[in-house]
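Below is one structure; the comments refer to it alone.
The values are calculated or read from the model by the stated rules, or taken from the named source; none is laboratory data. Since this is a predicted model, take the numbers as computed values, not measurements. Cβ placement follows ideal geometry from the backbone for every residue including glycine, while neighbour counts extend to all protein chains displayed. When the accessible area is computed, the model is the full protein with side chains, heavy atoms only, and any ligands, DNA or RNA have been set aside. Shrake-Rupley method; radii C 1.70, N 1.55, O 1.52, S 1.80 Å.
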Amino acid sequence: MPKYLIFLLICCAVSLKAAAQKTIALDKNQSKQFNNQNDSLSKRNQVKGFKDTATIDMYKIYDTEGNERIVDTSLTIQKEYKFNYLRQDNFGLMQFANIGQTYSQLTRNFNQTNLLPEFGARARHFNYFEKEDIYYYEVPTPLTELMFKTAFKQGQLLESFFTVNTSRQFNMSVAYKGLRSLGNYQNALTSTGNLRFTSNYKTKNNRYKAFAHIVFQDLLNQENGGLQDEDIENFTSGSEDFLDRAVFDPNFENAESILVGKRFFLNHQYDLIQPKDSTGHSLTVKQVINFEDKYFQFDQTTSDEFFGESFSSSNIRDRVTLENFETDLSVHYNNNTLGDLSFGIGYNDINYGYDRVTVLNNVQIPNRIQDQVVRLSAGYSNTIGRFSIAGKAGVNIIGDFDSSYINGIINFKINDDIDFEGHIIANINAPNYNYLLYQSDYINYNWNNINAFNNQTTGRIGAAINSNKYLNASVDYTTIDNYTYFNLDETLNAIRPVQLDESLSLLRIQVEKEIKLGKFALDNTILYQTVGNGTEALNLADIVTRNTFYYSNHFFKNNALFLQTGITFNYFTSYNMDGYDPLLAEFYTQNQTEIGGFPRLDFFVNAKVRQTRIYLKAEHFNAAFTGYDYFSAPNNPYRDFNIRFGLVWNFFL
């Protein structure tokens, strides 16, 4: 990854030099938040084919579904929530002590519509860019964004991004997010890198369009297994002798894990018939080609009884790989009256497994899951007045994985402020690969459930109402048959995959409301959830809440400075929080230790000057006076009080 970083730094240096000469102010008044589409940006460096005067609405971002939004450099409370390692709102997630480590999930939504199992090590995938996480751009002038945030001891989080249109038809972008943080505990170093290249092209008549990206990712964590049981009391006591967290001896100090992946992706389409009249008839052929190669590896210099007995006493190395080639070909017919109708066929060639064969108790455990899967898909969407409907369905017709899904959404715009949405999801799919097959140097971490486990069946129905004037509220109800999870086997004292032999149910209700009074505001998000059947398999907090009281205002001549400051209160009720297994990089269900019921208070001061957003936060400042009984998972403490600084800097050349 260093060679990619050097290349990116050169790109950033060039863009910074140009920016120093031609930095452009996007907005004169922060409160506009770019609603004024007539703001003039620049006539310099204008890409041929764009209008002479660039406005903010011309800086566009597209997702894989073609949805469009504009670049936004405003400072809002939502931007405060997203200024973190993941760069997305992490409500419902509980960070571990060091940035770049995993997150405990305080809630689960079960909204997947997969036709194939997922790769394992899900606890390491929070910062892994899937193909749906990649965005494409269209800009009239080059755009650069630099992001920086302090970490914990000897490190920092950096992300740089640059995009340019060489013409109206072609855009390219390059981005790199890198992190290195030593952490406050022993053997907790994190070092991650995400390198992304994107490009998109369209012909002048818009008949042909193509979106492509290449992604390289490596996510490395030292693993220490958390605090030893006898040290829990020393941590919770708040004794000055243990406030230096480096004095704790973790469960082990000789292990690390890494998740590495690379992906090559192309999504292109051609209009056989373009809409030319009021009926809007069009016929489009689309193809998606995606190849992804990834592996997860756990290394340990010597074996440790923490995981039980092992085949070898030294140089433990567990490595599992997945190669997945997929392609989809679909035909889309659109009519202004009938809507959009699509049919497609897809193919997957998968190769998951290990480079060795394990024999345990005279039984050979296979080392590979290989399959060629053919699937059919269909979709429909239409909008009639204030009412819209969309649906997708897919089914595997060839291959060992007998999976299918249906996903439907309806939306009704009651008025200009109130939207109602309803959805339904039904998914039948095999458990993830590491539930089906796993091999390790540790004896208890070897299993073959390829023919033993049934498909997991998920049904989810929900509704939501959104209103800027009143509130946003949502409710969903999920049932799961053959729920598959990792469980602490007390007999073996090991983590094993199991399937629940009864139907599991989950009800969630979430309410969001911001109350404003002059320059002051109170932003609230409250989630209530309850598990019906299967409470021993799925443990979740009954209530999760986040409440932010803040003040915002403009200062100085021409509103040059926009300031935002306040306090955020986070809380979740105590429950049997899932434990973390570093060997699997998975969370497992346990019913012995309750965690939660402690408040987390963050004080922040954020400011915006031109296109620079500055963030200063005192995280968990109540740690010393509300008690030290705070954990992110059993034996894994949450973060102590610390002060962190960061910024996001945009350049429009």
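Using r as the Cβ-Cβ distance of PHE569 and THR457, and R0 as 45 Å, what FRET efficiency do you calculate, to the nearest 0.05?
After rounding to 0.05, the efficiency reads 0.70.
Where Lys and Arg each count +1 and Asp and Glu each count -1, what net charge lies around GLU223 among other residues with Cβ under 11 Å from its Cβ?
Charge balance near GLU223 sits at -4.
May I ask you to give the solvent-accessible area per residue for region 505-653, in square angstrom, as obtained with a 1.4 angstrom probe?
41
Using the 2.2 N^0.38 Å rule of thumb for compact globular proteins, work out how region 349-407 stacks up: its C-alpha Rg over that value, please.
On the way: Rg = 19.9 Å, N = 59, 2.2 N^0.38 = 10.4 Å.
My calculation over the Cα atoms of region 349-407 gives 1.92.
Which FRET efficiency value, to the nearest 0.05, do you get for VAL363 and ASP542 by plugging their Cβ-Cβ distance into 1/(1 + (r/R0)^6) with R0 = 35 Å? Each step should come with its number before you reach the end.
Working: r = 43 Å, r/R0 = 1.22.
The value I calculate is 0.25.
Based on the Kirkwood radius over alpha-carbon pairs, what value in µm²/s does the Stokes-Einstein equation return for the translational diffusion coefficient of region 438-556 at 10 °C and 1.306 mPa s?
Value of D from the Cα-based Kirkwood radius: 88 µm²/s.
For the charge dipole of the chain, defined by +1 on Lys and Arg C-beta atoms and -1 on Asp and Glu C-beta atoms about the Cα centroid, which residue among THR150, SER257, TYR485 has the Cα displaced farthest towards the positive pole?
Sorting the options by dipole projection puts first THR150.
Treat every Asp and Glu Cβ in region 290-352 as -1 and every Lys and Arg Cβ as +1, leave all other atoms uncharged, and give the resulting dipole magnitude about the Cα centre to the nearest 20 debye.
120
Name all residues of region 423-466 having a backbone nitrogen under 11 Å from the label point set 7 Å from the Cα of ARG356 along its Cα→Cβ direction, giving them as ranges.
In region 423-466, the label zone of ARG356 (backbone N under 11 Å from the point 7 Å along Cα→Cβ) covers 439-443.
Counting Lys and Arg as +1 and Asp and Glu as -1, each charge on the Cβ, what is the dipole of region 440-579 about the Cα centre in debye, to the nearest 20? Display every interim value, and only then the final one.
Details: 9 positive and 13 negative charges, 234 e Å.
With Lys and Arg at +1 and Asp and Glu at -1, about 1120 debye.
At what distance in angstrom do the alpha carbon centres of region 407-465 and region 336-387 lie from each other?
If we compute the Cα centre of each part, the gap is 13 Å.
Between ARG207 and LEU616, what is 0.36 nm times their sequence separation minus the Cα-Cα distance? Round to one decimal in nm.
Full extension from ARG207 to LEU616 adds 142.5 nm.
Could you state the per residue volume, in Å³, of the convex hull enclosing the Cα atoms of the chain? Walk me through the intermediate numbers first.
Working: hull volume 107.8 nm³, N = 653.
Expressed per residue, the convex hull around the Cα atoms of the chain is 165 Å³.
Would you compute, from DSSP H runs of 4+ residues alone, the mean residue ellipticity of the chain at 222 nm, taking -39500 (n - 2.57) per run and dividing by the full residue count, rounded to the nearest 500?
Value at 222 nm, helices only, nearest 500: -1500 deg cm²/dmol.
Would you calculate the separation in nanometres between label points at ASN415 and LYS513, each defined as 7 Å from the Cα along the Cα-to-beta-carbon direction?
1.8
Using a 7 Å offset from the Cα along the Cα-to-Cβ direction at both GLN78 and ILE450, what is the distance between the two label points in nm, to one decimal?
4.6
If I take R0 = 41 Å and measure r between the Cβ atoms of LEU561 and SER239 in this structure, what FRET efficiency does the formula 1/(1 + (r/R0)^6) give, to the nearest 0.05?
Using R0 = 41 Å, I get an efficiency of 0.40.
What residue among VAL374, GLN287, PHE311 has its Cα farthest toward the positive end of the dipole of the chain, where the charges are +1 on Lys, Arg and -1 on Asp, Glu, each on the Cβ?
The listed residue farthest towards the positive side: GLN287.
Ranked highest first by average number of other Cβ atoms within 10 Å, how do 179-189, 556-566, 400-410 line up? Before the final figure, lay out the partial values.
Numbers: 179-189: 20.9, 556-566: 15.3, 400-410: 17.1.
By packing density, highest mean first, the sequence is 179-189, 400-410, 556-566.
Roughly how many debye, to the nearest 20, is the charge dipole of the chain about its Cα centre, given +1 on each Lys and Arg Cβ, -1 on each Asp and Glu Cβ, and no other charges?
Value, rounded to 20: 4180 debye.
Label ARG108 and ASN533 with points 7 Å out from Cα along Cα→Cβ: what is the distance between them in nm?
1.5
Give me log10 I(q)/I(0) at q = 0.11, 0.15 Å⁻¹ for region 53-188, Debye formula, one equal scatterer per alpha-carbon, no solvent.
Taking Cα atoms of region 53-188 as identical point scatterers yields -0.54, -0.96.
Name all residues of region 312-352 having a backbone nitrogen under 13 Å from the label point set 7 Å from the Cα of ASN254 along its Cα→Cβ direction, giving them as ranges.
The answer is 312-317.
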